[in-house]
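Some notes on the structure that comes next.
The values are calculated or read from the model by the stated rules, or taken from the named source; none is laboratory data. From a predicted model like this one, the values you see are computed outputs, not experimental measurements. Heads up, the Cβs are rebuilt from the backbone with ideal geometry, glycines too, and the neighbour counts pull from every protein chain shown.
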Amino acid sequence: MTSPSLPTAADDIPHGASHAPGSEPAAGSVEIISFAIGDDQYGVDIMAVREIKEWSDVTHLPRQPEYMRGVRNLRGIVVPIIDLRCRFGQGLTDCTPLHVIIIVQMEGRQIGLLADRVLDIVGFEQSAVQPVPNVARSSRARFLAGLVTVEDSMIALIDLPRMLAGDDDEPVAGQRLDS
């Protein structure tokens with residue numbers, strides 16, 4: 001599913017990038033950035049993605065949930081980094097220079113999502129999105145907006161607002177902590 005035109009982990013993907021330069025998605029169509037965590041494929045709406053950065057060390061903050069790896073300074077903006085593997089209950093990622101941070105923007109804040117690698121820019125019709133089966137409503141499934149099959153691969157679509165909302169007993173990603 002990858003192609004030679006894909007950016008490397010160190011390249012930035014400009015806001016609104018498309019696999020077909022100069023083309024706009026048709027009404028009802030969706031474009032996502034697909035990425036991997038282990039053998040699983042996930043996707044986020046391309047319009048939420050601001051850039052993709054290679055992994056570099058982060059500054060750890062006290063009293064944060066385990067999935068909150070720390071913060072990174074990105075051109076003067078402090079960006080919290082969420083370990084998606086950990087957020088999905090699969091343990092902490094053992095980060096290497098091959099890992100990537102997908103910077104997304106939501107509700108005026110930037111958040112970094114730690115993933116193993118970026119796969120592709122994928123387009124599909126909104127009608128192709130299937131609901132997450134009720135039997136699969138695990139801690140990982142509650143962060144999913146739906147499932148889509150593209151070229152014989154199933155991609156789980158991340159529900160960014162729900163993922164970034166935090167748990168009842170944990171701070172929200174990017175939320176200021178008072179001592």
Note to self: Could you check the stretch 126-135 and list, in sequence order, the residues that are in contact (Cβ under 8 Å) with a residue 40 or more places away in the chain and either touching a Gly at 6+ places or on another chain (Cβ under 6 Å) or over 15 Å from Val150 (Cα atoms) (or both)?
What the structure shows: Gln126, Val129
Check: Given Gln64, Gln41, which one is modelled with pLDDT under 95 and crowded, with 16+ Cβ neighbours inside 10 Å?
Finding: Gln64
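Quick test for you: out of Ile111, Ile77, Ile103, Ile121, pick the one residue that is among the β-branched types (Val, Ile, Thr) and farther than 19 Å from Asp45 by Cα.
Only one candidate qualifies: Ile77.
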Check: Where residues in the stretch 19-38 are part of a loop (DSSP other than H, G, I, E, B) and aliphatic (A, V, I, L, M), which of them is modelled with the highest pLDDT?
Finding: Ala27
Next item on the list: Select from the stretch 39-65 the residues that are assigned to a strand (DSSP E or B), more than 16 Å from Arg87 (Cβ to Cβ) and among the acidic types (Asp, Glu) and list them in ascending order.
Entry: Asp45, Glu51, Glu54
